[in-house]
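The values are calculated or read from the model by the stated rules, or taken from the named source; none is laboratory data. As the structure is a computational prediction, the values presented were derived from the model and not from experiment. Cβ atoms come from the backbone with ideal geometry, glycine included; neighbour counts cover every protein chain shown.
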2 protein chains.
Amino acid sequence: MPRKNFQCEIDDYKSWVLGLNARQPKFLHMTLRISDIDVSLRFYLDGLGMRLLGHFDVEERCVTALFLGFEIGGTAIELTHHWDDSPSRLCGPDYFAIGVPDIHEAFARLEALGAEVIVRPQQVLVGWPCVAFVKDPDGYKVELIQTRN
Amino acid sequence: MPRKNFQCEIDDYKSWVLGLNARQPKFLHMTLRISDIDVSLRFYLDGLGMRLLGHFDVEERCVTALFLGFEIGGTAIELTHHWDDSPSRLCGPDYFAIGVPDIHEAFARLEALGAEVIVRPQQVLVGWPCVAFVKDPDGYKVELIQTRN
């Protein structure tokens, strides 16, 4: 079930979590798939002292994403909760995201280096920047996010 | 086999990767276990454009750790290469590290919240700060690093 009643620290967190208009590449966030939002927020907010800086639901994918951090502008931890998820589907952090000024250039460079392609550069969600997914040499998933408009 | 001939950007990276003397909690690094250093550096340095900011070998544990980042002070990616490693032992990012000013206080708070304890606060390596390991509610490993002297 989607959840929309979280208390967030900032209204417009998009520029932060997506590194919008960053001129240099940036380690934007690490994404963890979680099974229970309330339980995880108790750990990360009450336990570790992080702040809930933003969240959104993607209805068509039945997923809630919550962005946590210690400071605005720093690398975030994104918790993703799939509404139909079960703990058995969890297996390590899902991926991590790198913001790049020119996604087509970065993607081409990685592909030329032999990186396995998961998703070619494309706008996956309306209103969000162009993204791509590749695998690092050990199979870790890396999301590229276009940061320059 | 240990490797000591990497070209690093800064001599004293310890204060950066460990967040020494940070007064606020900080997302210090995410650790990925890798199988081939040269192949991974090609991906992260030549491909993604990260910089190799520091590295060290832990002889008694037969592991090389390399710290990569886009900027000094930002969250790092730590690549760990176990000299006897095999690709089959890799299964997702290993853990991520949060710097905390008072590790005993943070650890006690997390334990009181029911977090599973892996390693209680202790100085694992001589000359390095006190660390602890707990699991988040989904089993993700979180390293706590004492940042205040």
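The table below gives the values:
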{"item": "Residues (closer than 19 Å to residue A:75 by Cα and of a type in the set (S, T, N, Q)) located in region A:99-149", "result": "A:146, A:147"}
{"item": "Residues satisfying the stated conditions in region B:31-41, i.e. at pLDDT 85 or above and under 23 Å from residue A:24 (Cα atoms)", "result": "B:41"}
{"item": "Count - residues of region B:51-73 that are closer than 27 Å to residue A:103 by Cβ, surrounded by fewer than 22 Cβ atoms within 10 Å (Cβ to Cβ) and modelled with pLDDT of 85 or more", "result": "3"}
{"item": "Selection from region A:23-39 of residues that are within 23 Å of residue A:100 (Cα to Cα) and either in contact with a His (Cβ under 7 Å, 6 or more places away or on another chain) or of a type outside the set (Phe, Trp, Tyr) (or both)", "result": "A:23, A:24, A:25, A:26, A:28, A:29, A:30, A:31, A:32"}
{"item": "Top-ranked residue in region A:93-129 [being surrounded by fewer than 18 Cβ atoms within 10 Å (Cβ to Cβ) and small (Gly, Ala, Ser); ranked as nearest to residue B:141 (Cα to Cα)]", "result": "A:114"}
{"item": "Flag for residue A:18 being within 12 Å of chain B (Cβ to nearest Cβ), closer than 20 Å to residue A:143 by Cα and modelled with pLDDT under 80", "result": "no"}
{"item": "Whichever residue in region A:86-112 is more than 13 Å from residue A:25 (Cα to Cα) and touching a Phe, Trp or Tyr at 6+ places or on another chain (Cβ under 8 Å) and, among such residues, is modelled with the highest pLDDT", "result": "A:110"}
{"item": "Selection from region A:38-50 of residues that are at the interface with chain B (Cβ under 7 Å from one of its Cβ atoms) and surrounded by fewer than 21 Cβ atoms within 10 Å (Cβ to Cβ)", "result": "A:39, A:42, A:46, A:49"}
{"item": "Residue count for region A:113-134, restricted to those that are at pLDDT 85 or above and either within 18 Å of the chain's Cα centre (by Cα) or more than 9 Å from chain B (Cβ to nearest Cβ) (or both)", "result": "13"}
